[in-house]
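Student: Take this structure first; my questions come after.
No value in this document is a laboratory result; all are computed from the given coordinates. The structure displayed is predicted, hence computed values, not measured ones. Using ideal geometry, Cβ is built from the backbone for each residue, glycine included, and neighbour counts are taken over all protein chains shown.
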Amino acid sequence: MTKSLRLAALLTPVTVWLVLFSLIPLGVMAAYSFQGNSTGAVDGVFTLANYQKFFSNSAFQSVLWRSVLIALATAAFSVVLAYPLAYFLAFQAGKSGMILLTLLIAPAWTSELLRILAWKIMLGSNGTLNYLLTWLGWIAPDTVLIRFGPAAVIVTLVYTWIPFAALPIYASLGRIEKSLLEASADLGENPLRSFLRVTLPLSLSGVMASFFYVFVPSLGEWVTPAMVGGTTGIMFGNLIQDQFARALNWPLGAAFSLVMLLAALALTLLMTRVIPLTDLLEAG
């Protein structure tokens with residue numbers, strides 16, 4: 001078998017999978033977004049009314065902007081908290097690294113819905129967190145430390161994504177040659193300066209890959225804000241879910257989905273100006 005045939009054999013299953021389960025559904029959704037729904041059913045008439053509804057309604061735009069901010073905050077906090085974990089696993093854990101890494105991602109083997117429900121119970125006004133802090137005397141009995149809203153959504157999402165955010169960083173740190181750190185120490189750099197001038201720059205692609213790994217799915221979240229978002233933490237994914245499941249307005253839901261997709265792509269392209277896309281793919 002020639003090299004071209006081997007390459008074709010390897011790429012064909014992936015290409016077919018992407019076409020059938022990604023490109024075709026995306027094309028169908030795009031087609032729906034340009035159709036009307038005036039009679040309660042898709043009428044098949046080409047129209048831009050669905051996009052006009054979004055751009056003429058400041059409430060929809062506000063929810064999308066809030067979703068972007070929540071996703072950015074979730075990604076930033078996840079990376080900041082995951083980096084020390086990944087650093088410890090890469091440089092300090094030794095032979096126990098893989099065991100600890102497995103324990104880190106073990107909670108992800110349980111249902112995401114159960115984990116979100118656990119946080120809902122903990123963050124409630126009569127939840128475990130408030131009860132513990134009240135019992136310790138750190139807060140007044142009627143004080144709610146974290147109310148259901150954007151803050152509760154961010155806390156829950158960060159908990160969900162920290163194990164996955166650590167993986168690209170761990171991979172990029174694992175590729176750093178130990179001789180570079182030894183050379184930095186031989187040249188008189190202290191550990192902090194070695195980290196800032198050697199380790200961090202060399203792991204930046206992993207950091208950015210981790211950021212995208214969390215940001216993109218967080219932007220489309222709807223389960224977490226539905227459970228812990230309250231009235232002020234609703235995200236754009238909830239609007240899309242409502243259009244498909246409750247209002248049965250598939251064209252408007254499809255238009256909202258494409259708008260969110262374009263927003264995510266725009267932010268992704270903007271950030272890839274800092275780190276080339278090839279570096280991100282290598283780190284991921």
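Student: With charges set only on the Cβ (+1 for Lys and Arg, -1 for Asp and Glu), what does the dipole of the range 161-223 come to about its Cα centre, in debye to the nearest 20?
Tutor: 40 debye
Student: Show which lysines lie in cross-link reach of K95 when reach means a straight Cα distance below 23 angstrom and same-chain residues fewer than eight apart are skipped.
Tutor: Answer for K95, where 23 Å is the Cα cut-off: K178, listed by chain and number.
Student: Enumerate by residue number the chymotrypsin sites (Phe, Trp or Tyr not before Pro) in the range 155-188 meeting two conditions: DSSP loop (anything except H, G, I, E, B), and at most 10 other Cβ atoms within 10 Å of the site's Cβ.
Tutor: none
Student: If amide H atoms are built 1.01 Å from N in the plane of the peptide, which residues on other chains or at least 5 residues away come under 5 Å of the amide H of Q35?
Tutor: Those qualifying (amide H under 5 Å, at least 5 residues apart or on another chain) are T47.
Student: Then there's this: Taking R0 as 25 Å, what's the FRET efficiency between Y131 and A106 from their Cβ-Cβ distance, rounded to 0.05?
Tutor: 0.40
Student: Mean-square fluctuation check for the chain, GNM, Cα pairs under 10 Å: which of L265, L196, L219 is largest?
Tutor: Of L265, L196, L219, the Gaussian network model singles out L196 as fluctuating most.
Student: Using Cα-Cα distances under 8 Å and only pairs 6 or more residues apart, what relative contact order does the chain have, in percent?
Tutor: Dividing the mean separation by the residue count of the chain yields 27 percent.
Student: If R₀ is 25 angstrom, what is the calculated FRET efficiency for the pair T15 and L262, using the beta carbon separation as r and rounding to 0.05?
Tutor: Computed FRET efficiency for T15 and L262: 0.55.
Student: Ok, one more. Identify, among M235, M260, L5, the residue whose Cα sits farthest towards the positive end of the charge dipole of the chain, taking +1 on the Cβ of Lys and Arg and -1 on the Cβ of Asp and Glu, with the dipole about the Cα centre.
Tutor: Of the candidates, L5 comes out farthest on the positive side.
Student: Can you sort M98, M271 so the residue with the fewest Cβ neighbours within 10 Å comes first?
Tutor: Working: M98 10, M271 15.
The most exposed by this proxy come first: M98, M271.
Student: Let me ask something additional. Taking other Cβ within 10 Å of each residue's Cβ, how do V80, V214, V63, V14 sort, fewest first?
Tutor: V14, V80, V63, V214
Student: 7 Å from Cα along Cα→Cβ at both I24 and F46: what's the point-to-point distance in nm?
Tutor: That separation, rounded to one decimal, is 2.4 nm.
Student: I would also like to ask the following. With labels modelled as points extended 7 Å from the Cα through the Cβ direction, what inter-label distance (nm, one decimal) is found for K95 paired with A59?
Tutor: Label-label distance for K95 and A59, simple model: 6.3 nm.
Student: Which is the longest part of the chain that has none of the trypsin sites (Lys or Arg not before Pro) sitting in a DSSP loop with at most 10 other Cβ atoms within 10 Å?
Tutor: 1-245
Student: Suppose only helical runs count, i.e. DSSP H with n ≥ 4. What mean residue ellipticity at 222 nm does that imply for the chain under -39500 (n - 2.57) per run, divided by all residues and rounded to the nearest 500 deg cm²/dmol?
Tutor: After summing the helix terms and dividing by residue count, I get -22000 deg cm²/dmol.
Student: When the chain is treated as a GNM, springs tying every alpha-carbon pair under 10 Å, which of A226, A82, A31 comes out with the largest mean-square fluctuation?
Tutor: A31
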